[in-house]
Amino acid sequence: MPRAKPPPPPPVAPAWHNCIVGYAEVPVDTLLVNESNWREHPTLQTDALAGLLREVGIVQNILVNKRTSAQWSDGQRGQEVLIDGHARGALALQHGQTTLPVTYVDLTPADEAEVLVLFDPLGALAETNTEALAAWVFDVCGAPDDLVFDPFLGSGPSLMAAEQRNRRVY
């Protein structure tokens, strides 16, 4: 007796809406700070970011909303405003960088507000795999037989990573 055909798979949910509308290299002095940006960047963070930019260079685009939706007021519609990258923009001005790479998005006022509130905090929810972090630090910052300081105060991950990489832990 022939087997019955299985039922068809359920319909595929629609893909996420892609808000990205373009990419460009933009003059730094044309970037507008977002009036709703709530983030503050302490000196320690901006100094570290400046050091990374100086040593490695730019590795990520800043995010700019084109604001073309009819939901924007006449005074705001068409203004290209920073969503993410305020600190990089400020550092670029301070250090004579003339352009920055931009990812353009087109968000409604509600979407822009949601991205401003949630974009960085969602990233901050990531947990740290302390063993992988310790191993990475040892690989990048040392050589076999080096004596290394345990940043996790003997909790185990540094010891395991150090032993796997022939490092001595203090």
Whole-Hz ³J(HN,Hα) for each residue in segment 126-140, computed from phi via Karplus 6.51 cos²θ - 1.76 cosθ + 1.60 with θ = phi - 60°, x for glycine and proline: what do you get? 4, 8, 9, 8, 4, 5, 5, 5, 4, 4, 4, 4, 5, 5, 7
So how much slack lies between residue 23 and residue 46, counting 0.36 nm per residue of separation and subtracting their Cα-Cα distance, in nm? 5.8 nm
Residue 130-residue 77 pseudo-label distance in nm [points 7 Å out on the Cα-to-Cβ vector]: 5.5
Run the quick spin-label model on residue 68 and residue 36: label points 7 Å from Cα toward the beta carbon, then report their separation in nm to one decimal. 2.0
Karplus-derived 3J(HN,Hα) from phi for segment 43-52 (6.51 cos²θ - 1.76 cosθ + 1.60, θ = phi - 60°), whole Hz, x at Gly and Pro, runs 4, 4, 5, 5, 5, 5, 5, 4, x, 5
With a 1.4 Å probe and all protein chains left in place, how much accessible area per residue does the chain have, in Å²? 70
If we sort 87-94, 13-20, 29-36 on the protection proxy, mean other Cβ atoms within 10 Å, highest first, what's the order? 87-94, 29-36, 13-20
With a 1.4 Å probe and every protein chain kept in, tell me what percent of the accessible surface of segment 1-130 is carbon plus sulfur. 60
Counting only residues 5 or more places away or on other chains, whose amide H sits under 5 Å from the amide H of residue 67 once H atoms are built in the peptide plane? 107
Taking a label point 7 Å from the Cα of residue 15 along the Cα→Cβ vector, which residues of segment 34-69 have an amide N closer than 12 Å to it? none
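The values are calculated or read from the model by the stated rules, or taken from the named source; none is laboratory data. As the structure is a computational prediction, the values presented were derived from the model and not from experiment. Virtual Cβ from ideal backbone geometry, glycine too; neighbours counted across all protein chains shown. Quick note on the areas: whole protein, heavy atoms, side chains included, nothing else; ligands and nucleic acids left out. Shrake-Rupley method; radii C 1.70, N 1.55, O 1.52, S 1.80 Å.
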